[in-house]
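Worksheet: one structure, shown below.
Here, each number is a calculation from the coordinates, and none is a lab measurement. All of these numbers come straight from a predicted model, not from anything done at the bench. Glycine also receives a Cβ, built like all others from the backbone with ideal geometry; neighbour counts cover every protein chain displayed.
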Amino acid sequence: MKGIARISTEIWIAFAAFLCFAIIAFLDYSNQQRAVERFDTFSSYDYQPGGYHAWYDLLQREGVRVQRFQRRPAYINDAVSTLVVANNANDALLRMQNSQPAGFFARGDYDALARWIKNGGHLLWLADAGAQIGQTGAAVAALSGGVDPENKLHLPALTQSALKKDEAIAVAASSFTAGVHVVSGRSPVRIPLANSAGVVPLIADDTGATVAIYPLGKGEVIVASDETLFQNSRLGLSDNARLAYNLAAAPAGSKGVVAFEEWSHGYQSGDTWWTILPKPMQWAFLILCAGFALALAGSAIRFGPAVRLPDRSERTSEEYLQSMAQLMRRARASRKAVRDLAQLGHHEVAQALGFPDATPASLLATRLRGSERGDRIADALIELDRLAGYEQPSSAELIRAAALCFTLRKEYASHGDWRRRYRRTAQRRTA
C-alpha cells in the first residue's frame, strides 16, 4: 500500500507540473495574440481586423487572378499586371523587435518598379499614413521602407486634415469609381490637390483626395492615403468593397494578374542559388542530372539477359555422355549414334579374336564364352547388337550403348589387354 501511495503522489506531482506548463504556454500565446492585435499589418495573410485577407479573398471569389508576391520588387516582371504595395514602417519596426524578417525597399527596387510601370504596369500604392504626414514624395518612399531620393515613382506628399474620419465620395467617373458613392475609413490623411500637379482625384472631399491616380510612362500609379479602407474590419462598410475590387481588378482586366506585395511584411521567399544561376548554367545542371539519373537507372535496372561467365570447371565422362546424348536427341541422331557405337565395339572384338568385321555378333559371343569374364563380355556384345537394331532408341539406351562400347574397347582396343583370348577350352577328340 505504501508503494501504491508513493506512485500516486508522483503522478499527481507530474500532472501538476504539466498543468503549470500548459497554463504558461496558454498565457504566452494569449499575450502574443494581443500583441498582434495592437498594430495593423496590412498583409493579405492577416486574418486580424488590421489585415487585408478579406480583400484578397474577395478578388479570388470574383474570379480575379490573384497571387502573393513574396520576392523583393526588383524581381517584378510583365507577368504581374497590378501590384498592391501596402508596406508600413510601424509593422516593419515591430517585426524587427520580435526578431522576424522585415523587408525595406532599396534603390534597385524603386528603379525596377519605375521601369515596370513605364512599360505598362499598374501600381496601387497604399500610403503609410502614420509615418508620411507632411513629407515630400522622396521622404514618403524612404519612410515606407526604402531609399528613393530621386522619387522615381513621383509619389505625392500627404497632409492631415481636420476631419476625424474619412467619408470621402467619388469625384471622377471612371472604371475605378464605378458603383462607388461614399467610402468609410478612419484616417484623416489626404493628398493635397493644390500641390500635386498631374494627380487626378478619384475619391476625395473638400480637404483633399483619399484616392488619386496619375500616369507614369505607359502605366499608372494609384495612391490611396487611407489604408484603413481595405482592412478586414472595414471592407464591408459603405462602398469600400466595391472600391477595393475596382482598384485591383480594373487595371488588370480579364487576363492580368493582381499581386499583393508581401516581401515587406516578412513573407520572403528570398534568393536561392538556383535563381542566381544564369540560364545556360541551369540547363547544363539539368542535363547533368538527367545523365546521372540515366546512368543510375542503367546500373540498377537490367535491360537484357545477364551475360554468363565461361564455365572452366572439369566435366566428368558421365556429364559428357549425357550432354552428347541430349544433343543427338535434339538432332534426332540417336539411332545413328547407337549403330556407330555398336559397329565400333563389334570391330574391336572381331579384330581381337581374328575374325573379319562381317562376322555375326552371335558367333563372336560363342567364341568368347567359356569363362566368367568371357561370358560377361559376350553378354555386353549381344546387348549392344540388340540396341543397334532399335529404330528410335531413347537417351538411356544411347547412354547404355556408349557404356557397353566403352567396356568392349577397354578390353580389346590396342590400348587395352587385347592379347587375352577368352576361348572355350578345346575339346579333346575321342580316340
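Listing H53, H122 from fewest to most neighbouring C-beta atoms within 10 Å gives H53, H122. The Cα center of the stretch 191-231 and the Cα center of the stretch 293-367 differ in position by 104 Å.
Taking a ≥ b ≥ c as the square roots of the Cα gyration tensor eigenvalues, with a/c under 1.5 meaning rounded and otherwise prolate when a/b beats b/c, else oblate, which class fits the stretch 317-412? Let's see the in-between values first.
Values: a/c = 2.29, a/b = 1.87, b/c = 1.22.
The shape class here is prolate.
Straight distance only, please: which lysines reach the Cα of K255 with their own Cα at less than 25 Å, same-chain residues fewer than 8 apart left out? Output for K255: K118, K218. Work out the FRET efficiency for L93 and L309 from their Cβ-Cβ distance, taking R0 = 56 Å, and round it to the nearest 0.05. With R0 = 56 Å, the Cβ-Cβ based efficiency is 0.15. In straight-distance terms, cross-link reach from K410 covers every one of the lysines whose alpha-carbon lies under 25 Å from its own, apart from those fewer than eight places away in the same chain; here that gives K336. For R332, neighbours were defined as the other residues whose beta-carbon sits under 14 Å from its Cβ, and their charges (Lys and Arg +1, Asp and Glu -1) total +4.
Peptides 288-298, 79-89, 161-171, 378-388 ranked from most to least packed give 79-89, 378-388, 161-171, 288-298, packing being the mean of other C-beta atoms within 10 angstrom over each peptide's residues.
The alpha-carbon of K152 sits under 17 angstrom from the alpha-carbons of these aspartates and glutamates, leaving out residues fewer than 8 places away in its chain: D109, D111, E220. Net charge in the neighbourhood of I169 (other residues with Cβ under 15 Å of its Cβ; Lys, Arg +1, Asp, Glu -1) is -3.
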